[in-house]
Structure formats: C-alpha cells, structure tokens
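One structure is given here, and the rest of the page talks about it.
The values are calculated or read from the model by the stated rules, or taken from the named source; none is laboratory data. This structure is a prediction, so every number in the text was calculated from the model and none was measured. For neighbour counting, all protein chains shown are included, and Cβ atoms are generated from backbone atoms with ideal geometry for every residue, glycine included. For the accessible areas, the whole protein counts, side chains as well, though only heavy atoms, and no ligand, DNA or RNA atoms are used. Shrake-Rupley method; radii C 1.70, N 1.55, O 1.52, S 1.80 Å.
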Amino acid sequence: MEEPVPVTRAVDQGTAKLMPDVDRERAYLLTVDGAPQSYVDLDDPEHLAFEYVRRMGHVLDLAAPPGRPLDVVHLGGGALTLPRYTAATRPGSRQRVVERDRALLALVAEVLPLPPGSGVETTAADARQWLATAPAGSADAVVADVFGGSRVPAPLTSLEFVRAAARTLRPGGVLLANLADSAPFTFLGRQLATYGAVFEELALLAEPAVLRGRRFGNAVLVASDRELNLAALARRAAGDPFPARVETGEALRRLARGAAPVGDADATASPVPPGGTFTVG
C-alpha cells in the first residue's frame, strides 16, 4: 500500500493542506492558511481529535435517544468531521452541510470521500443567505462552526443570525456555536446576551483554563427552548482527555457582565487569537 502524501490545493478562501497522520492509516489534518480546521479518520469516524468537536459530539449524543436519526444542519464544513460522526452514531440521519468555499468542498470530496449512503449532502453557499430560505422547523440541530481564518465572521454573531437559525429548528431542537475568546470575555459576553435574547436555555462548555481567563480558547455555546440534560453533559465533558466545565445560569450571567445583544449593525468578528491561528474546526 502506498504511503499517503500531503495534498496542497488553492481553495476559495486561501491555501488548504491535507496532512496525513503518521499514527493512523487513513487520517488527515486539514489546515487553511495554516489554521487547523478539521481532523478526520476515514476508518474511524467516531474518533474526534479536537476537544471542542468532542464537546459538540456530546451535545448531539444527548439530543435524542441513542441511535435515533437526526436532521442536522451544519454551517461550516471543513472536512465534515461532525457530519461523519453523526452518520456513524445515528445511521439514517439527514444532514445538510453549508460551506461557502466550493473549492474546499471539492477537495474534501476528492481526497476524503463520504461513504455511500451517508445521508450527508453539501451545499456551496453563504450561511446567512442559505438560512434566509431554509425551511422553518426542519432541523433537530443546527451547528454553527464557521470561521474566516481564525475568527467567527461578524454576520454570524448577530441577533438576526441567531433568530434565523432558531427559525430553522423544530421545537426542542438545539443550536450549537463554536466561539472563541479570552478574558475579559467581551465578545463571549455579547454572544451570551444575543443567544439569550432568543433561547430560554443556554449552556457553555469550555476548559477551566479558558473560563478562568488564563488563555485564549474555544467555547461551545448550546442553546435550546427546552431544558438541557446538563448532568449527563457535564459527566461526558468532565471525562474527556481535556476535561471541560459546563456553565449555566448565574455563572453565565457573571460572564456576560451585563452585555447587551448585538444586531447586524454593531456585530463584530471574534477576537484575533494570540499568534494569529489556533484550532478552529
């Protein structure tokens, strides 16, 4: 068998690289302009290497009884790590991936093809534009994992965006957002206020070092109109190789520090990470 080799390709948003993992036969790391975007093991789609992706996987695991198919919309595609995971853990799920980088989708389809019958469909489109025409009440979960370089684009941080995503959900559905910030959490506080203006239930998953303001990092925000299974989510997050805490209620209010929701007119992208890049997808 031939050794896998790195693949470098110009895509719409920069330069994509697929680098083989020397420890796993058919596993690859995707980077775009040097920023790690996705890790995929074609032989083991349930292997989630990035910590924040594991946390999103926990939320989807608890969104319905084990094995029950879900209808999921993924805003942002990368190498389709979470869609592959959901297809493996919940066969029969119907999933739509919306990724604005058409060339990246083509690269992933060529080098990291989905298995037959995966139930995953891809659309090359802008996330906000796609949401504007998406069928209302059509998804059990919406996953927002969109980064331009290493930043969440401003149009995907506004009240209008959250309302559009919420419209796509069925009653009891969940909206997950991959965010990033560091102390004093100005961006994250505004996001908590913005999502809280639309959803009754919020939870935030992040490593303790991030929550204590010791370093920049990912924070997964979970929003729903129903009560979340926080105890089970906390157990799963605490049991990860890099444990995370689940914050809710008063802890989130302290983190928000009285921030107000942001609309399209005053929305901003997430902060630039120290050093310019970090793991985003």
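To the nearest 0.05, what FRET efficiency results for Thr268 and Ala238 with a Förster distance of 35 Å applied to their C-beta separation?
Values: r = 32 Å, r/R0 = 0.92.
Working from the Cβ atoms, E equals 0.60.
With point charges of +1 on the Cβ of Lys and Arg and -1 on the Cβ of Asp and Glu, referenced to the Cα centre of segment 144-221, which listed residue (Val220, Phe199, Gly172) lies farthest in the positive direction of the dipole?
About the Cα centre, the residue reaching furthest to the positive side is Val220.
Using θ = phi - 60° and the Karplus form 6.51 cos²θ - 1.76 cosθ + 1.60, what ³J(HN,Hα) does each residue of segment 116-126 get, whole Hz, x for Gly and Pro?
Going residue by residue, I get x, x, 5, x, 9, 10, 10, 10, 8, 6, 6 Hz, with x marking Gly and Pro.
With the chain treated as a Gaussian network of Cα nodes joined by springs under 10 Å, which of Ala265, Ala237, Ala209 yields the largest mean-square fluctuation?
Evaluated over the chain, the most mobile residue of the options is Ala265.
Mean-square fluctuation check for the chain, GNM, Cα pairs under 10 Å: which of Pro91, Pro153, Pro241 is largest?
Pro241
Assign one of three labels to segment 137-281, namely rounded, prolate or oblate, based on the Cα gyration tensor with a ≥ b ≥ c the square roots of its eigenvalues; rounded applies when a/c is under 1.5, prolate when it is not and a/b is larger than b/c, and oblate otherwise. Kindly include the intermediate steps, with their values, before the conclusion.
On the way: a/c = 1.43, a/b = 1.07, b/c = 1.33.
Verdict is rounded for segment 137-281.
Return, ordered by residue number, the residues of segment 209-233 whose backbone nitrogen is under 12 Å from a label point located 7 Å along Cα→Cβ of Thr89.
233
Where does each of Asp126, Asp12 land when they are ordered by accessible area, with a 1.4 Å probe and the largest first?
Ranking Asp126, Asp12 by accessible area, largest first, yields Asp12, Asp126.
Once fully extended, how much extra length lies between Asp12 and Glu121, figured as 0.36 nm per residue of separation less the alpha-carbon to alpha-carbon distance?
On the way: separation 109, 0.36 × 109 = 39.24 nm, distance 1.97 nm.
Full extension of this stretch gives 37.3 nm more.
Given a 1.4 angstrom probe, what's the average accessible area per residue across the chain, in square angstrom?
On the way: 12390 Å² over 281 residues.
Here the per-residue accessible area is 44 Å².
Largest first, how would Asp21, Asp225 line up by accessible area (1.4 Å probe)? Can you show the working numbers first?
On the way: Asp21 40, Asp225 80 Å².
The ordering from most to least exposed comes out as Asp225, Asp21.
Provide the solvent-accessible area of Arg245, counting protein heavy atoms only and rolling a 1.4 Å probe, rounded to the nearest 10 Å².
Probe radius 1.4 Å; accessible area of Arg245 about 80 Å².
Along the Cα→Cβ direction, 7 angstrom out, place labels at Val5 and Glu110. What is the inter-label distance in nm?
With each label placed 7 Å out from Cα toward Cβ, I get 1.4 nm.
What is the sum of charges around Phe147, taking Lys and Arg as +1, Asp and Glu as -1, for the other residues whose C-beta is under 12 Å from the C-beta of Phe147?
Neighbour charge sum, excluding Phe147 itself: -2.
Which far-off residues, 5 or more places away or on another chain, put their amide H under 5 Å from the one on Val152, with H placed in the peptide plane?
Result for Val152 returns Ser270.
Taking GluC sites (Glu not before Pro) as candidate sites, keep only those in a DSSP loop with at most 12 other Cβ atoms within 10 Å, then name the longest stretch of the chain containing none of them.
Numbers: sites that count: Glu2, Glu46, Glu200, Glu227.
After excluding every exposed loop site, the longest remaining stretch is 47-199.
Take every DSSP beta bridge with both residues inside the chain and express the antiparallel ones as a percent of the total, to the nearest 5. Please list the in-between numbers first.
Working: 33 of 52 bridges.
Antiparallel bridges: around 65 percent, rounded to the nearest 5.
Report ³J(HN,Hα) in whole Hz for each residue of segment 39-50, in order, from the Karplus equation J = 6.51 cos²θ - 1.76 cosθ + 1.60 where θ = phi - 60°; Gly and Pro get x.
10, 9, 10, 5, 8, 9, x, 7, 7, 10, 7, 7
Taking the Cα atoms of the chain, what is the range of coordinates along each of the three principal axes, in descending order and whole Å?
Rounded to whole Å, the extents work out to 58, 41, 38 Å.
Just the number, please: carbon plus sulfur as a percent of the accessible area of the chain, 1.4 Å probe, no ligands or DNA/RNA counted.
On the way: 6260 of 12390 Å².
Percent of accessible area from carbon and sulfur atoms in the chain: 50.
Springs between alpha-carbon pairs under 10 angstrom, Gaussian network model over the chain: which of Ala63, Ala132, Ala203 fluctuates most?
Ranking Ala63, Ala132, Ala203 by mean-square fluctuation puts Ala132 first.
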